[in-house]
Amino acid sequence: MTQLIFSRRVPDQLAPNRITIARQRCAGNFIDLTVSNPTECRFDYPPDLLPPLAEPAGLSYRPDPLGLVWAREAVSALSGELGAPVDPAHIVLTASTSEAYTFLFKLLCDPGDAVLVPTPSYPLFEHLARLEGVRALPYALCEEGGWSLDLDEFSTAPPEVKAVVIVHPNNPTGSLVREEDAAALESLCATRGWALIADEVFYSFPLETASIPRSFARCESTLTFTLGGLSKLAALPQLKLAWIITSGPPPARRAALEKLEFIADTFLSVATPVQHALPSLLQHGARVRDQIRHRCRHNLAELRRLLALLPAVSVPAVEGGWSAVVRVPSLGSEEDLILSLLEQFGVAVQPGYFFEFPRDGYLVVSLLPTIDEFSLGAQRLAAGLGTWLGAG
């Protein structure tokens, strides 16, 4: 048989890791504090949420590459409510934020070019960039400053860099980009000729902050793309609709939108029924957002209460999002700790190295589970960490 030749864009090693294998072996006999799918977390979805998907208008196919105008108007109205008014003509609909990234990497980068991505952060960026023939170059967030930007680190960026990705609030640290850092970053991007990609999927979920700083959709000094979507905003990841808000100097914005229209027209990936239903989905989804915010705040407080009994363990501030970071002393392999918690204490959490934390000693906990389930899981986590620390 002739040897098959596959693209180097896809990794050769795709075998499951030890943690995945252990979870399969435990066959669900544990409290899962890693869950990120809100549809599995028993939120009370409004009964009138999904019927608009059955509107007869969804049977007609009249595609607009940027997205149907009334759907983009619904995103514009929502953005205005969040303090960032935007022209519907500056919005591009996509099937997901992952697809939005691929559109933007196609728009901004030739093969071999690079984008700067934050660490710690969600590990998807490297895969998305690699599949587009683009390099994802990490820049570190400063833990001492509450996972803040260190703009000095950008001074050594190579000439192949075309864009900077920020996540606001960050997943999983829950940290926000401070106003002064945002202004400095926008100025740096304008000077270097970089585009700015701002992932704001968790923007509507403030936790331990009085107010969330301004959205990057208001940026006018440099070409900026701000991402959002139904997956988080309405807790409906299965409906596959997201958006790109384009802002910045008018000439650059116009050129970007023309090229994005060409890219989107090549795929036409957003389903018609969900576009017709979007105004209703965003309106009724507010009830689910309120439930998520309430539950995440409650669970975060419960996590702090239970782990306060372990002085060596800390939970840094969580300004927004659905996750919390637990900081533990580095007494051994982070993976061994995760496996011990799973197999001996019946609770699953994520290791920090999944998110490229700078060293061992970080655990990531989802705040989405039901209040009762989370409380039991957090009790098991506290017991397991107490045993781990005692053995260390």
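Readers should treat all values here as calculations from the given coordinates under stated rules, not as data from a laboratory. Computed from a prediction, not measured in an experiment: that's the story for all the values here. Quick reminder, even Gly has a Cβ in these numbers, built from the backbone with ideal geometry, and neighbours come from all protein chains shown.
Just a few scattered comments:
- Semi-axis lengths, Å, the range 60-284, gyration tensor of Cα atoms, sqrt of 5 times eigenvalues: 26, 20, 16
- Crossing angle, helix 272-307 versus the chain [Cα axis fit, 0-90 degrees, rounded to tens]: 20 degrees
- 3J(HN,Hα) couplings calculated from phi for the range 21-38 with the Karplus curve 6.51 cos²θ - 1.76 cosθ + 1.60 (θ = phi - 60°) are, in sequence order, 4, 5, 4, 5, 5, 6, 6, x, 7, 7, 7, 9, 9, 10, 4, 10, 8, x Hz; Gly and Pro show x.
- Between CYS219, CYS296, CYS142, the GNM of the chain built on Cα springs shorter than 10 angstrom shows CYS142 fluctuating the most.
- Residues GLU356, GLU334, GLU153, arranged from fewest to most other Cβ atoms within 10 angstrom of their Cβ, appear as GLU153, GLU356, GLU334.
- For the chain, the 222 nm mean residue ellipticity estimated from helices alone, with every DSSP H stretch of n ≥ 4 adding -39500 (n - 2.57) and the total spread over all residues, rounds to -12000 deg cm²/dmol.
- Local charge for THR97 was computed over the other residues whose Cβ lies under 12 Å away, with Lys and Arg +1 and Asp and Glu -1, and equals -1.
- For the chain, the number of Lys pairs separated by eight or more positions or lying on different chains, with C-alpha atoms closer than 21 Å, is 5.
- Rounded FRET efficiency, nearest 0.05, which uses the C-beta distance separating GLU335 from ASN29 and R0 of 22 Å: 0.65
- Net charge of neighbours whose Cβ lies under 12 Å from the Cβ of ARG218, counting Lys and Arg as +1 and Asp and Glu as -1: -3
- Full extension of the chain between SER7 and GLU40 yields a length gain of 8.4 nm, computed as 0.36 nm times the residue separation minus the alpha carbon distance.
- Footprinting exposure proxy ranking of LYS162, LYS106, fewest other C-beta atoms within 10 angstrom first, gives LYS106, LYS162.
- Helix 334-345 vs. the chain, principal-axis angle (Cα, 0 to 90°, nearest 10): 60 degrees
- Compared with the dominant Cα axis of the chain, that is its longest principal axis, helix 69-81 is turned about 50°.
- Shape of the range 1-67, Cα gyration tensor, a/c cut at 1.5: oblate
- Computed from label points 7 Å out along Cα-Cβ, the spacing between GLU208 and ALA15 is 4.0 nm.
- Added length on full extension, which subtracts the Cα-Cα distance from 0.36 nm per residue, ASP290 to HIS127: 55.5 nm
- Sequence-ordered 3J(HN,Hα) estimates for the range 312-328 from the Karplus curve with 6.51, -1.76 and 1.60 and θ = phi - 60° stand at 7, 10, 9, 10, x, 4, 10, 7, x, x, 10, 10, 9, 9, 10, 9, 10 Hz, glycine and proline given as x.
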